[in-house]
Amino acid sequence: MAFFSGSSRHRIVASRSGQATAEFALVLPLLLLVFLLFAQAVMIMRAQIAVTAAAREGARKGVETSSVALIEGAAARAASGLDPDKLIVSIESGPRQRGEWISVEVEYDVPVAIPAVQKFFSSMKVRGRAEMRIENDREGM
C-alpha cells in the first residue's frame, strides 16, 4: 500500500486541474460553434413559420379582395417579429372569378448570426407559399 505525502498529493491534484483546464480550453470553441449553429437554426425555423403564416393570411385576404395593398398588408401583419423591410410579397392570380386560384408567396432574408459565416453568406432566404380558391367574384373589404 503506497502512501502519498502531502506535497506529492497536492502536485497530482494541481496537474489534474491543469489538464481539465487545458481540455476545456480546447473544447470551448467547439461548444460555442454548436451553440451558435443551434441559435441560427432556431432563427431560420422561426422565420419559416412566420412567412408561411404570412402567405396564408395574404391568400385569405386575396380570396376576399383583389386589392394588392390589402393583401400585402395582411401578409405583413401576420409576419410579426420579422423586419418588414426585408419581407417580399408576390401575388399571382388569374381573372377574379369563382373557382380561380390566388397564390401568395412571401420571402424573407434571415440574417446570419455567426460572424465567420457572414463572410460567405450575409443572409439566408426562406419562403412561404399559400394557394386558395376564390369563393366569390364580388369585391369585399
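Does Ser123 satisfy the criteria of being at pLDDT below 90, of a type in the set (Ser, Thr, Tyr), surrounded by 12 or more Cβ atoms within 10 Å (Cβ to Cβ) and touching a strand residue (DSSP E or B) at 6+ places or on another chain (Cβ under 8 Å)? Yes: the conditions hold for Ser123. For the range 79-120, a residue qualifies if it is modelled with pLDDT of 90 or more and within 25 Å of Phe38 (Cα to Cα), and the qualifying residues are Ala79, Leu82, Asp83, Lys86, Leu87, Val106, Glu107, Tyr108, Asp109, Val110. With respect to the numbered conditions (1) under 19 Å from Arg129 (Cα atoms); (2) surrounded by 13 or more Cβ atoms within 10 Å (Cβ to Cβ); (3) in contact with a strand residue (DSSP E or B) (Cβ under 6 Å, 6 or more places away or on another chain), which one is the sole condition not fulfilled by Thr65? Status for Thr65: all satisfied but (3). Residues in the range 105-134 that are assigned to a strand (DSSP E or B), aliphatic (A, V, I, L, M) and under 16 Å from the mean Cα position of the chain (by Cα): Val106, Val110, Met124, Val126. Residues that are under 8 Å from the mean Cα position of the chain (by Cα) and without any contact (Cβ under 8 Å) to a residue 12 or more places away in the chain were ranked within the range 38-58; the one that is surrounded by the most Cβ atoms within 10 Å (Cβ to Cβ) is Ile49.
The values are calculated or read from the model by the stated rules, or taken from the named source; none is laboratory data. Nothing here was measured: the structure is a model prediction, and the numbers come from that model. So basically every Cβ, Gly included, is an ideal-geometry build from the backbone, and we count neighbours across all protein chains shown.
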